[in-house]
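Laboratory data are not the source of any read-out in this text; all were calculated from the coordinates shown. None of the values given here were measured: they were computed from a predicted structure. All Cβ positions, glycine included, derive from the backbone under ideal geometry; neighbour counts span all protein chains shown.
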Amino acid sequence: MRFDVVTLFPEMVVAAAGYGVTGRAIERNIVSLSVWNPRDYTLDRHRTVDDRPYGGGPGMVMKYQPLHDAVNDAKRAGEKTAKVVYLSPQGKPITQALLAEACDEAQIILVAGRYEGIDERFVELDCDDEWSIGDYVISGGELAALVVIDAMTRLLPGVLGDEDSAQQDSHSDGLLDCPHFTRPEQIEGCSVPTVLLGGNHADIERWRMKQALGRTWQKRPDLLKKKNLSAEQENLLREFIVELV
Ligand code: 9D3
């Protein structure tokens, strides 16, 4: 998978992607990351990337031409079929399903905006899709691009170890995680659930599923409504709820 990010802060994107799972995937050539700075495509002495909005008002708008030329260079460096995604508060909210689908692309060009926004003609003429990372305000598209790169990289074959990959498409999909514990056995009178100290793996799996179901029911009932629970899961959730009283 090839990622290209069009950004006024290329060092920020390269630095953050260099850590952890994404950093390793880049080192191992499972993904490539290239960055393109619209400022390098300006044609004036002052390297101007923004201008005042038509109609007046506060803030500045990113100019069309430097963005367009940067995206074109990213396309030329990559695949004929690149998908161009503008990251913006107006975009489709990203979901695991949307990102999984995007993993079928050979190249994704992520455009990160700064200032109040970008010239709308760029969205219309140059972009295939517009994505948001949620209903809150951040200062620019770079962190959103990094979220997309991180979440998609984890879905690519060979990136995660066997155990993490297996967990990804397991039956607990769409549920919150169960609680985790490590040594010591006691902290301030708070002990580890007894079932986890024994070696009964079937009991442990049942306990973990019950906790995942119970926590989802408590904290994210919206997720539970979208899921079809098995008869076994319905029973575990009923047990969890009964044991609360
Ligand atoms: C406070 C400024 N807003 C006026 C109503 C408009 C605005 C412009 C630019 C709000 C945010 C931004 C910068 N945000 C992004 O580039 C962005 C973003 C976001 O803010 N929230 C969720 N997803 C994304 S993806 C890119």
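Which trypsin sites (Lys or Arg not before Pro) from region 46-135 combine a DSSP loop assignment with at most 16 other Cβ atoms within 10 Å?
Values: sites: 47, 63, 75, 76, 80, 83, 114, 121; in loops: 47, 63, 80, 114.
Those satisfying the criteria are 47, 80.
Please work out the C-alpha center-to-center distance from region 78-119 to region 1-71 and express it in whole Å.
So the separation of the two Cα centres works out to 13 Å.
What shape does region 98-226 take by its C-alpha gyration tensor, where a ≥ b ≥ c are the square roots of the eigenvalues and a/c under 1.5 counts as rounded, a/b above b/c as prolate, and the rest as oblate? Can you show the working numbers first?
On the way: a/c = 2.70, a/b = 2.21, b/c = 1.22.
Since a/c reaches 1.5 and a/b is larger than b/c, the shape of region 98-226 is classed as prolate.
Can you tell me what the convex hull of the Cα atoms of region 10-80 projects to on average, as an area in nm²?
Working: hull surface 27.6 nm².
The Cα convex hull of region 10-80, projected and averaged over all directions, gives 6.9 nm².
Go through region 105-118 residue by residue and turn each phi into a ³J(HN,Hα) via Karplus (6.51, -1.76, 1.60, θ = phi - 60°); whole Hz please, and just put x for glycine and proline.
6, 7, 9, 10, 9, 9, 9, 9, x, 10, 6, 6, x, 10
Exactly which chymotrypsin sites (Phe, Trp or Tyr not before Pro) in region 39-114 are in a DSSP loop and have at most 10 other Cβ atoms within 10 Å? Display every interim value, and only then the final one.
On the way: sites: 41, 54, 64, 86; in loops: 54.
Taking region 39-114 and a limit of 10 other Cβ atoms within 10 Å, the loop chymotrypsin sites (Phe, Trp or Tyr not before Pro) found are 54.
Roughly what angle does helix 64-77 make with the longest principal axis of the chain, taking Cα atoms, 0 to 90 degrees, to the nearest 10?
Roughly 70 degrees, rounded to the nearest 10.
What are the equivalent ellipsoid semi-axes of region 170-244, built from the alpha-carbon gyration tensor (square roots of five times its eigenvalues), in whole angstrom, biggest first?
For region 170-244, the semi-axes come out at 24, 14, 11 Å.
Restricting to DSSP loop positions (anything but H, G, I, E, B) with no more than 11 other Cβ atoms inside 10 Å of their own Cβ, which trypsin sites (Lys or Arg not before Pro) remain in region 204-235?
Passing both the DSSP loop test and the Cβ count: 226.
Cα-Cα over 28 Å: which of 63/92; 83/227; 80/227; 92/227; 83/219? Intermediate values should be presented prior to the final figure.
Details: 63/92 23 Å; 83/227 31 Å; 80/227 38 Å; 92/227 22 Å; 83/219 36 Å.
Check vs 28 Å cut-off fails for 83/227; 80/227; 83/219.
What's the Cα-based Rg to Rh of the chain, Rh via Kirkwood? Mind showing how you got there, number by number?
On the way: Rg = 22.9 Å, Rh = 21.0 Å.
Checking Rg against Rh, the ratio lands at 1.09.
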